[in-house]
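Visitor: Can you read through this structure? Questions will come right after.
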Amino acid sequence: MKAFIACGIFWVSLISGCASLNQESIEFHTSNNIKFELSSGRFDSVNVQPFETQLWLDTELVGSILTMETNPDFSTAVEEVRQGFREAQKSSGNVTELDLGEGIFGFSVAVNRYTTAFIATSQHPSSWIIISTTDSVSDEVLSTLKVH
């Protein structure tokens, strides 16, 4: 009887453990060759707009990805995002410079339960990317950021 109960507990543990392993990650690719991953369980619908892609879970907006054109006052997107970083450091939010490699500049700002990343690459001087997510998914997004 003890062996049967132990075997039952083992199978229940195995089955319930495998259920969480089946959540696949979705890889997002932006126009600037920036990539990040997000578990499929973190959102259930995608709303594609002309310049923005929104990620929703039930009725909550959990993230958005925007492509921004470089302001004519700046010669490159990297220059504009660097200026944004300097301005953000003056704010009350938690500002973190992202280590994304040579020719890429990015930073994130955490304010009011949202984290927003601003990323520019020297390969795409005319536009840069904003990725804004709820704090519940921001670590997953920021830890998987890659630029190719």
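The values are calculated or read from the model by the stated rules, or taken from the named source; none is laboratory data. Small disclaimer: the values here were computed from a predicted structure and weren't measured. The area values use the complete protein model at the heavy-atom level, side chains included, leaving out ligands, DNA and RNA. Shrake-Rupley method; radii C 1.70, N 1.55, O 1.52, S 1.80 Å.
Visitor: Need the full-extension length gain, residue 75 to residue 47, defined as separation in residues times 0.36 nm minus the C-alpha distance. One decimal, nm.
Guide: That pair, residue 75 and residue 47, stretches by 6.9 nm at full extension.
Visitor: Return the carbon/sulfur percentage of the accessible area of the range 40-99, one whole number, probe 1.4 Å, all protein chains in place.
Guide: Its accessible area is 48 percent carbon and sulfur atoms.
Visitor: How far, in nm, would the chain grow between residue 83 and residue 29 when pulled straight, counting 0.36 nm per residue and subtracting the alpha carbon separation?
Guide: Length gained, residue 83 through residue 29: 17.0 nm.
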